[in-house]
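The values are calculated or read from the model by the stated rules, or taken from the named source; none is laboratory data. Because the structure is a prediction, the values reported are computed rather than measured. Here the Cβ positions follow ideal geometry from the backbone for every residue, glycine too, while neighbour counts run over all protein chains shown. Quick note on the areas: whole protein, heavy atoms, side chains included, nothing else; ligands and nucleic acids left out. Shrake-Rupley method; radii C 1.70, N 1.55, O 1.52, S 1.80 Å.
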Amino acid sequence: MSARALAAPSARLTAGAAAVCLTATALTIAAPPDADARPRETEKNAVAVGTGGAVSSVDPEATAIGVEVLRRGGNATDAAIATAAALGVTEPFSSGLGGGGFFVHYDADTGEVETIDGRETAPAAMPHDAFINPETGEPYDFFPERVTSGVSVGVPGTPATWAAALETWGSYSLGEALKPATKLALRGFVVDQTFHDQVAQNAYRFSAIEPTAQLYLPAPEVGSVFRNRDLAHTYRLLSRKGMDAFYTGSIAEEIVDVVQSPPTTGRTDLPVPPGFMKPSDLARYDVRRPPPTHNDYRGLDVYGMAPPSSGGSTVGESLNILEQFDVGAMSSVQALHHYLEASALAYADRAKYLGDSEFVDVPLAELLSDGFAAERACNIDSDRAAPKPVAPGEADGEYDTTCGGSGAPTAHPDTEGLSTTHLTVADKWGNVVAYTLTIEQIGGSAITVPGRGFLLNNELTDFSAVYDPEDPNRIEGGKRPRSSISPTIVLDDGEPWLALGSPGGSTIITTVLQTLVNRIDLGMDLPEAIAAPRASQRNTEDVTAETTFVEAYGAELRALGHTFSPTSEIGAATAIELLPDGTMQAAAEPVRRGGGDAGVVDPSPPR
């Protein structure tokens, strides 16, 4: 089936979607007058259709910068890095120089999908018991002790990702790509409710770290203008000297200093233990360039991120399992039932097999094989949800339909932070980027590098806290922790059709998966597919589900044996679809996380 020939959205699965507004979201906060500032971007548009290139992100300032780069002749990579740098200004608690991420790129000239792994790494000297309290022998409490520490800080990969992407596919220099964000940091942006709330929610942690308290506290008022001159100066330094200034220069020394001796205020009762990072850890950091994951789904080619991300494999395996069924012919409830059961099976396999493939043997080809998917699919009962957690499959290359699992079912605690951001870009030449970047927890480790204006990540909390030599995600020095980040590009007959991704910790995988199922199988257009109520089954006893989802489908799914743990929202997706008429449809969240913003270079007239 050609995705370009997908039918117009059906009425199915719209009961809950009605509860999620599909119209554009706007911030009408007026900034205080500033004679030196151009008009600040505050209005958010969830959908934009047009030509010349498109950008979708969570922030109108960042989207506007990306669109302007495209308008001036920059390509998708140039715009993606400029947008990401702007998000480092306006979304500093989700992304920035102190974090990492995964970059997926479609090259219109070669027709190839390639990736950059900019995941953070553990310091070489990090011990297996880094998160164990020596006094009790038990793991430190995850929040706030484990996350607010030098121990949790991994070697940042975002700066290296920006440099590598521009060198490989960009037409801009690093300085050109950073210039718009530098100006944004100097002139400031209008504080919205989300920014204010994220500071307020982290005031206890932020107040423990002197440079963080100085930069962000008290929480800026909604409608005020927030400037980050320190970050602007840092961007200027990198523009002049390149990323060597970050990994071997003065910034590297300053990062090591605050990781080894966190600059606490002296007025805090948080322990904020020091970490193990050394200058050599930063100096030897490099991005990786693994081949993308790939699977075929109903005639479409789905490309994602390889380990240490578990996104590409788990999204791909779930789709392969669902391909064993005619989901499009099912009722809404049956389609959702199969989606939930397929993702539970794939998450069981994720827990058993996924980790940094340079340290553990990940049977990636097997997990993405049709034979393995068929073997796993026979565990799905159309009439009844399986008790959770389910057992993982046996990735041994031998397939049968006895529907068993291997080993005892195990539920794994979820410690992945929800604070991440995703951006999607397409240019007029047909190049496409799906890029997810993060500093892990909202506010990362809460440690700001003094005078530099950016927070350091707490990404190493993604490792399993208790060391188990059989655990693929066990702590090892120099290793990259498992991630759920799932930037995804879908090709139709070799041409880009859809690109998407989302924040949300371990729910990233199910957000991307459910959006794909909504769009491909369930007849929704892209904005509907993003706005529809979400549920996330990660091989846990209860399904994490938005209240709108439970209201719409809970009764019938409970009758099939599903139980629910309600939550207000899951994820914050952005996506771009290349439409049959040659236009691009950029789409972002209309409501979740305050709404996102979509833009195009040349808007099409309203239809």
Classified through the alpha carbon gyration tensor (a ≥ b ≥ c as square roots of its eigenvalues; rounded if a/c is under 1.5, else prolate when a/b is larger than b/c, else oblate), segment 348-390 comes out oblate
Here FRET efficiency (C-beta to C-beta, residue 269 to residue 197, R₀ 22 Å, nearest 0.05) is 0.40
Per its Cα gyration tensor (rounded if a/c is under 1.5, else prolate when a/b beats b/c, else oblate), segment 61-217 is best filed as oblate
Distance in Å, no decimals, from the C-alpha centre of segment 536-607 to the one of segment 209-266 is 34 Å
Expected field for residue 187, accessible surface area in Å² at 1.4 Å probe radius, rounded to 10, holds 30 Å²
Of all trypsin sites (Lys or Arg not before Pro) in segment 520-569, the ones in DSSP coil with at most 10 other Cβ atoms within 10 Å are none
What helix-only [θ] at 222 nm does the chain give? Using -39500 (n - 2.57) per DSSP H run of at least 4, over all residues, to the nearest 500, the answer is -9000 deg cm²/dmol
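Using alpha-carbon pairs under 8 Å, 6+ residues apart, how would you state the relative contact order of segment 236-277 in percent?
Once normalised by length, the contact order is 29 percent.
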Counting only protein heavy atoms and leaving out ligands, DNA and RNA, the solvent-accessible surface of residue 183 at a 1.4 Å probe, in Å² to the nearest 10, equals 120 Å²
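Based on alpha-carbon positions alone, could you give the equivalent ellipsoid semi-axes of segment 90-146 from the gyration tensor, as √(5λ), descending, whole Å?
37, 16, 9
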Read-out Cα Rg over 2.2 N^0.38 Å, candidates (i) 0.90; (ii) 1.42; (iii) 1.12; calculated match is (i)
Most packed first (mean Cβ within 10 Å per residue), the peptides 439-450, 460-471 order as 439-450, 460-471
If N is the residue count of segment 482-607, its Cα Rg over 2.2 N^0.38 Å rounds to 1.13
In debye to the nearest 20, the charge dipole size for the chain, taken about the Cα centre with +1 at each Lys and Arg Cβ and -1 at each Asp and Glu Cβ, equals 1820 debye
Percent relative contact order for the chain, counting Cα pairs under 8 Å at least six residues apart, stands at 26 percent
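Can you pull out the GluC sites (Glu not before Pro) in segment 105-211 whose DSSP state is coil and whose Cβ has at most 15 other Cβ atoms within 10 Å?
Sparse-neighbourhood loop GluC sites (Glu not before Pro): 135.
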Output for segment 265-388 (equivalent-ellipsoid semi-axes, sqrt of 5λ from the C-alpha gyration tensor, Å, descending) is 37, 21, 13
Computed over the chain, protein heavy atoms only, probe 1.4 angstrom, the accessible area per residue in square angstrom equals 34 Å²
Ordering 377-385, 257-265 by per-residue average of other C-beta atoms within 10 angstrom, highest first, gives 257-265, 377-385
For residue 109 the rounded accessible area (nearest 10 Å², probe 1.4 Å, non-protein molecules ignored) is 150 Å²
Taking a straight Cα-to-Cα line shorter than 22 Å from residue 352, and setting aside same-chain lysines fewer than 8 residues away, one finds 388, 479
Descending accessible area (1.4 Å probe), largest on the left, turns 352, 241, 44 into 241, 352, 44
Flagged as over-length at 30 Å C-alpha distance, from 183/278; 183/428; 44/428; 44/241; 44/183, the pairs are 183/278; 44/241
